[in-house]
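Worksheet: the structure to be examined is printed underneath.
FYI, it's all coordinate maths here, none of it is from the lab. Note that the structure is predicted; figures quoted are calculated from it, not measured. So basically every Cβ, Gly included, is an ideal-geometry build from the backbone, and we count neighbours across all protein chains shown.
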Amino acid sequence: QQQVKQSPQSLIVQKGGISIINCAYENTAFDYFPWYQQFPGKGPALLIAIRPDVSEKKEGRFTISFNKSAKQFSLHIMDSQPGDSATYFCAASRNNAGNMLTFGGGTRLMVKP
Amino acid sequence: DAGVIQSPRHEVTEMGQEVTLRCKPISGHDYLFWYRQTMMRGLELLIYFNNNVPIDDSGMPEDRFSAKMPNASFSTLKIQPSEPRDSAVYFCASRGRGQPQHFGDGTRLSIL
């Protein structure tokens, strides 16, 4: 019930391409969906977040698309750059403003020059 | 803003020893979280505090694990006795009201 499933586990994209990472959840009570970016040796850092009252949120090259009926959300990275190479985690939480986050398994992104 | 500060960054110890991980949250943040990250289980929430009070510890794996927050600027996660399966990266995070969680850079723990 609390699971968040993330795919793919790894992704290789050419510089300038679009990176797409998908997540699916089961618990319909989830109401906060953040994406975190993690570089080696560092903690996760919030990239962008969305709530289910909107279907899309864009910040610079990063866009979250949200499909409430399908219980799915995705991260799109436009014009991917080598500096975007990192591990990306989706997460979800319910009713408590982002406290008890349930994380997806992570996607290791490599952007080739 | 110094960010969330964790110490030590690396810890190697033998099975059976007591391990204490430390965290200093961002000043003014009233929520503090402890996570564990492993290849097998990913990133898991262990426990979180609000205003120094433990709110949910359902993620704490066993009685060998304990966490305290004696004041608003300090928290510890203790493992006693430690076991090899406790080897992981442990993260502390904090957040203020209406803000997202900010993570520290973690403690990499190896139990031999």
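Just a few scattered comments:
- Over the protein assembly as shown, the ratio between the Cα radius of gyration and 2.2 N^0.38 Å evaluates to 1.02.
- Amide H to amide H distances under 5 Å link A:Tyr32 with A:Ser93, where only residues 5 or more positions off or on other chains count and H is placed in the peptide plane.
- Coupling constants for region A:54-61 follow from the phi torsions by the Karplus curve (6.51 cos²θ - 1.76 cosθ + 1.60, θ = phi - 60°), and in residue order they are 10, 9, 7, 9, 10, 9, x, 7 Hz; glycine and proline get x.
- Pairwise Cα separations in region A:28-76 fall into 10 Å bins from 0 onward with the following percentages, short to long: 24, 51, 22, 3.
- Label point 7 Å beyond Cα of A:Ile18 along Cβ direction - residues of region A:52-83 with amide nitrogen under 16 Å: A:56-67, A:73-81
- In plain terms, the bigger the Kirkwood radius, the slower the diffusion; for region B:1-105, with that radius from Cα pairs, at 4 °C and 1.567 mPa s, Stokes-Einstein puts D at 94 µm²/s.
- As a proxy for reagent exposure, ranking A:Met110, B:Met39 by other Cβ atoms within 10 Å from fewest up yields B:Met39, A:Met110.
- Distance in nm between pseudo-label sites at B:Arg97 and A:Lys58 (7 Å out along the Cβ direction from Cα): 3.5
- Chain B, dipole about Cα centre (Lys/Arg Cβ +1, Asp/Glu Cβ -1), debye to the nearest 20: 240
- Convex hull (Cα only) mean projected area of region A:21-113, reported in nm² to one decimal: 6.0
- Shielding by partners, peptide A:36-42 (average Cβ within 10 angstrom, other chains): 3
- The trypsin sites (Lys or Arg not before Pro) found in region B:1-77 that occupy coil by DSSP, while having at most 15 further C-beta atoms within 10 Å, are B:Arg9, B:Arg41, B:Arg64.
- Overall shape of region A:63-113 was characterised from the C-alpha gyration tensor. The equivalent ellipsoid obtained from it has semi-axes of 25, 14, 9 Å, in decreasing order.
- Region B:24-54 residues near the modelled A:Ser10 label - backbone nitrogen below 20 Å, point 7 Å along Cα→Cβ: B:38-43
- Chain A, relative contact order [Cα under 8 Å, separation at least 6], %: 37
- Count, lysine Cα pairs under 27 Å in the protein assembly as shown, 8 or more residues apart or across chains: 26
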